[in-house]
Amino acid sequence: MCLELDIHMGLVVHLVVHHLGGLMTTLTATAARKGFFEILKKANKQHEIFHIHHHSGDAVLLSEQEYDSLNESLALLSTPGFRDAFNASRKQAENHETVSFEDVFGEAQ
């Protein structure tokens, strides 16, 4: 999916769907430089991810929180057996095969 969208200062950017299921804004390095502080605000406050294109190579700008989250997900998914255990737990929850807070911790929530 790719959409063109006019943004402030007459710049045209492309929006593409990124692997996390949201939109990633693609723009040139020149456009990124002109709107750098606005891009930083959007990355941090709205969790937008920016693909910045330059003839010497592309880069991706995202918030530190988003970066940390991706690394945590990668670490969990790299742990042997995690995916199978997670999927089994999800099936148990879908089938209402759960245990109460009180049963687990010995006190009411």
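Is one or more of the residues making up the range 65-80 touching a strand residue (DSSP E or B) at 6+ places or on another chain (Cβ under 8 Å) and not charged (D, E, K, R)? No, the range 65-80 contains no residue that is touching a strand residue (DSSP E or B) at 6+ places or on another chain (Cβ under 8 Å) and not charged (D, E, K, R). The residues of the range 42-66 that are surrounded by 12 or more Cβ atoms within 10 Å (Cβ to Cβ) and part of a helix (DSSP H, G or I), listed by number, are Lys42, Ala43, Asn44, Glu66.
For the range 69-95, a residue qualifies if it is within 30 Å of Ala43 (Cα to Cα) and not hydrophobic (A, V, I, L, M, F, W, C), and the qualifying residues are Ser69, Asn71, Glu72, Ser73, Ser78, Thr79, Arg83.
Contact map, the range 28-51: residues that are over 13 Å from Leu62 (Cβ atoms) paired with residues that are hydroxyl-bearing (Ser, Thr, Tyr) and exposed (fewer than 14 other Cβ atoms within 10 Å of the Cβ), Cβ distance under 9 Å, separation 6+ or inter-chain. Pairs shown: Ala29/Ser56.
Where a number appears in this text, it was derived from the coordinates with a stated rule and is not lab data. Here the structure is a predicted model, which means the values were calculated and not measured. When we count neighbours, we look across all protein chains shown, and the Cβ atoms used for this are built from the backbone with ideal geometry, even at glycine.
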